[in-house]
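Worksheet: one structure, shown below.
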Amino acid sequence: MSQPIQNIQLDYLTMEDYKELKQVMISAYQSMPDAYWKEHHVQALIDKFPEGQVVIKIDGKIAGSALTIIVKDEDVEDQHTYKEITGNYSFSTHSNKGDLLYGVDVFIKPEFRGLRLGRRLYDYRKDLCEKLNLKGIIFGGRIPNYHKYAAELSPKQYLDKVKSKEIHDPVLDFQLSNDFHPVRILKGYLEGDDASNEFAVMLRWDNIFYEIPDDKARVLKRVVRIGAVQWQMRPYNDLESMLLQIEYFVDALSGYRCDFALFPEFFNAPLMAEFNHLKEVDAIRKLAEYTPKIVNAMAKLSISYNINIIGGSMPEVIDGDLYNVGYLFKRDGGVDRYEKIHVTPDEAKVWALKGGSTIRTFDTDCGKIGILICYDVEFPELSRLLADDGMDILFVPFLTDTQNGYSRVRHCAQARAIENECYVAIAGSVGNLPNVHNMDMQYAQSVVFTPCDFQFPSNGVKAEATPNTEMILVADVDIDLLRELHSLGSVRNLKDRRLDVFSLTKK
């Protein structure tokens, strides 16, 4: 190009553009001079789906175009030809009730190639697909260099060699670089496409933000507000005094319109003070007697304050054995239970705690979450199983007495956010309990961690509390950013696992 470009504009195609558009098509398809769309074809596309027909103009002149219809998923499940999918070029196959964008055509005038204009047109299609909440984009991609290799390679072998970059194909290389993946080979797809031997590759791009239409009256939150309670260990005269303190924090987080309130591990430990004359193993079993009453109270708070509560953890006796368990109280009234799988050597020695056996995700109105109690976050297999089950947010209530113990929890929790491409919120207790054996001092800094990529803070820390100070921590996390990361991240820890070398299963 001899003249510098002053303006590039994407615009809807109109019939006033047709004469110029025709000349662009002819120049773009020089090997198939009769392949341009007639006036009535373009008129039909505009009438049926005006949003799907766009042109890109450089300094007011058409440089390229993208033509699109909407089809039903079942229409492209089997082999089909270009003539069939377009309804004999009448576009009668277009359906506003369909769930896939079908790419009818994309072309760029030769003199404007090399400016990545095709990518702009495809980006428009992707944005349109997301806007219309369609499953994805699909089309039959030509393989114009195939005729050079047809005598020695099948279409599938040709595709494999293009993917491995042993062969260059201008169309297929472009589609693969724009996140389209091959679905199948289409035979006899485009009549007269001798360069491709009339073969095509069905290519698909999946809309990671697609949501199955739901007629139910409910809202699934995409931006989730997390509230973490950095709990001060202090003496309480009785259970009612502690319940008032719990309600105080729930009220505060609800006032900030938080979706979740996360409490620490063993936050109810101050109630053991009245049993301090007993052996530690007996004192904690007496503490477990309060658990049902606290569970009942927090279940009511979650409903009355319209907030999901992760109730830290408390001791609980089941069939004579002592476990470290917690409860998820949903604001719709549902209650779920979770267990600490790995008990620390000190918990086993002093309190005779047993490890639980249930590991699962929980469905909430903010997506799927996981909960691991303290030491469990130091075992990466657990969170990976939760991630495989679709977890978006991992909550970790913890209790640590020293800074090095806290560092283990913190660094492992941050690693879990990176390797599982999820958010991780941790909450602990601060202060001291001089009148409670084995619970003398606490050290904590509550944090919300993110993955480390361009969509997130560069250090992977969304928000963090002041160390060793009673307070609440509030942070917003965007679930859609995780969807984008899973497919388009700089690295893709979940997708790139070598499952041919190793595997992880849940018993």
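The values are calculated or read from the model by the stated rules, or taken from the named source; none is laboratory data. Quick caveat: nothing in here was measured; it's all calculated off a predicted structure. Quick reminder, even Gly has a Cβ in these numbers, built from the backbone with ideal geometry, and neighbours come from all protein chains shown.
Annotations
- Options ASP496, ASP476, ASP500; residue that is closer than 21 Å to MET391 by Cα, out of contact with any Gly (no Cβ under 6 Å at 6 or more places or on another chain) and free of Cβ contacts under 8 Å to residues at least 24 places away in the same chain: ASP496
- Of all residues in the range 150-164 being buried (at least 18 other Cβ atoms within 10 Å of the Cβ) and either of a type in the set (Ser, Thr, Tyr) or in contact with a His (Cβ under 8 Å, 6 or more places away or on another chain) (or both), the one that is nearest to ILE185 (Cα to Cα): TYR158
- Exclusive hit being modelled with pLDDT under 95 and over 30 Å from the mean Cα position of the chain (by Cα), set ASP332, ASP321, ASP346: ASP346
- Residue that is farthest from the chain's Cα centre (by Cα), among those in the range 265-294 that are β-branched (Val, Ile, Thr) and crowded, with 18+ Cβ neighbours inside 10 Å: ILE284
- Scan of the range 304-339 for residues that are in contact (Cβ under 8 Å) with a residue 40 or more places away in the chain, part of a loop (DSSP other than H, G, I, E, B) and surrounded by 15 or more Cβ atoms within 10 Å (Cβ to Cβ), ordered by number: TYR305, ILE307, GLY311, GLY312
- You will find that of TYR12, TYR102, TYR18, TYR89, the residue that is of a type outside the set (A, V, I, L, M), in contact (Cβ under 8 Å) with a residue 12 or more places away in the chain, surrounded by fewer than 20 Cβ atoms within 10 Å (Cβ to Cβ) and within 20 Å of GLY141 (Cβ to Cβ) is TYR89 and no other.
- Of the candidates VAL24, VAL54, VAL71, VAL76, the single residue that is in contact with a strand residue (DSSP E or B) (Cβ under 9 Å, 6 or more places away or on another chain) and more than 30 Å from GLU211 (Cβ to Cβ) is VAL24.
Residue-wise test of (1) over 35 Å from the mean Cα position of the chain (by Cα); (2) more than 22 Å from LEU10 (Cβ to Cβ).
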position	(1), (2)
MET25	yes, no
LYS38	yes, yes
VAL54	no, no
ALA66	no, no
ILE70	no, no
TYR82	no, yes
ILE108	no, no
ASN133	no, no
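- Selection of first residues in the range 367-388 that are at positive phi and of second residues that are in a helix (DSSP H, G or I), restricted to Cβ pairs under 8 Å at least 6 apart or on distinct chains, gives the following pairs, ordered by first then second residue: GLY367/ILE479; CYS374/VAL409.
- Scanning the range 84-99 for residues that are more than 15 Å from LYS38 (Cβ to Cβ) and either within 34 Å of the chain's Cα centre (by Cα) or among the hydrophobic types (A, V, I, L, M, F, W, C) (or both) yields ILE85, THR93, HIS94, SER95, ASN96, LYS97, GLY98, ASP99.
- Qualifying residue in the range 430-438 (condition: of a type in the set (Gly, Ala, Ser), at pLDDT 95 or above and not in a loop (DSSP other than H, G, I, E, B)): no
- Condition met for ARG222 (at pLDDT below 95, touching a Cys at 6+ places or on another chain (Cβ under 9 Å) and not small (Gly, Ala, Ser)): yes
- Each residue in the range 220-257 was checked for being more than 18 Å from ASN296 (Cβ to Cβ), outside any loop (DSSP other than H, G, I, E, B) and hydrophobic (A, V, I, L, M, F, W, C), and 9 of them qualify.
- The requirement of being surrounded by 15 or more Cβ atoms within 10 Å (Cβ to Cβ) and touching a Phe, Trp or Tyr at 6+ places or on another chain (Cβ under 7 Å) is fulfilled nowhere in the range 485-496; no residue meets it.
- Number of positions in the range 35-48 that are outside any helix (DSSP H, G or I) and without any contact (Cβ under 8 Å) to a residue 12 or more places away in the chain: 1
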